[in-house]
Amino acid sequence: MRGVAALVCSGAVAVSLVLAGCTGEGGTRGEDKGSAAPSGSGGAEDVGEPSQRARAALRPPRSVAALGDSITRGFHVCEPLADCPEKSWSTGTSEDVDSLARRLLDKPSGHTWNFARSGAQVADLPVQTGEAIVHRPDLVTVLIGANDACTESTAAMTPVADFRTAVADSLDRLERDLPRTQVYVSSVPSLLRLWEVGRDGVVARQIWSLGDVCQSMLADPTDLGTSATGRREEVEDRVVEFNAVLEEECGRHPLCVYDGGAAFRYDFTSGHLSRWDSFHPDEEGQNVLAEIAYRKLREAR
């Protein structure tokens, strides 16, 4: 989220996120490749045997498309002020990040698409969804929402109703146009955790004081007064509301898996954040998001 998203590690999001035991080439990879296809969640179709459509989707994904913001674009991971999608938690192909695609696909290169955009808000999600549908991926990941809470002021945060409309429209379209495609939705990482991690760091405070990074949460980071505390709580409450929407809307679709708030609850540290802005996930943060996603997809299966 250029100006959004600490690892939550925008959350929202998502996430989304997301994040451990995640840097090695072995362990969760290899013989288990492709085993994370979910059997569905939510709704009457979960009673008894899975529906015919859900059973048909129980196959290893051969392609992955990513939707979201600068977290998923790998902003600030390789160099300052630049996207680095090859190190994205979702579709990355670099060996430096054990991405979801590298864990699930035999040949990630050429079978992944990253439609996330740095600075994206949830209003951009329907457009990204349309771009993904063209390629008919087997798995779509969604981490969106941090930029909807990370704004210049609390008054500029995206209303929850608008957030729900964009998420619902996107997930409905994915199910309608790609009825066998699996969807993974990450929660938005905790922005309050981001402030807690960086508020005592001289470098983080200097960067945040420039006014370009998540001012709704990070403005005046050393101010512990009633007004500043209330502002931060309002932002975090909005992230919680966004995550509730993500969970509810994902639960309406049998092939959608929500991370259960794992990215939001993850106690990331400064070691998971970019040294250039103390905000975006670095390689370790991206690995955490990938590990959460892989684990949640396996649990759903």
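Return the long-range amide H neighbours of ALA65 (sequence gap of 5 or more, or a different chain), with a cut-off of under 5 Å between placed amide H atoms.
Excluding prolines and chain starts, which carry no amide H, the hits are TRP113, LEU139, VAL140, THR141.
Full extension from ARG136 to THR269: what is 0.36 nm times the residue separation minus their Cα-Cα distance, to one decimal in nm?
44.2 nm
³J(HN,Hα) across the range 249-261 via Karplus (A = 6.51, B = -1.76, C = 1.60, θ = phi - 60°), whole Hz, x for Gly/Pro?
Whole-Hz 3J(HN,Hα) from phi for the range 249-261: 6, 5, x, 7, 10, x, 10, 10, 10, 9, 6, x, x.
Tabulate in residue order the Karplus-calculated ³J(HN,Hα) for the range 124-139, using 6.51 cos²θ - 1.76 cosθ + 1.60 with θ = phi - 60°, rounded to whole Hz; enter x for Gly and Pro.
7, 4, x, 5, 4, 4, x, 5, 5, 4, 4, 8, 6, x, 7, 9
HN-Hα J couplings of the range 229-245 from phi, Karplus 6.51/-1.76/1.60, θ = phi - 60°, integer Hz, Gly and Pro as x?
5, x, 4, 5, 5, 5, 5, 5, 4, 5, 4, 4, 5, 4, 5, 4, 5
A short reminder: the numbers here are calculations on the coordinates, not readings from a lab. The structure displayed is predicted, hence computed values, not measured ones.
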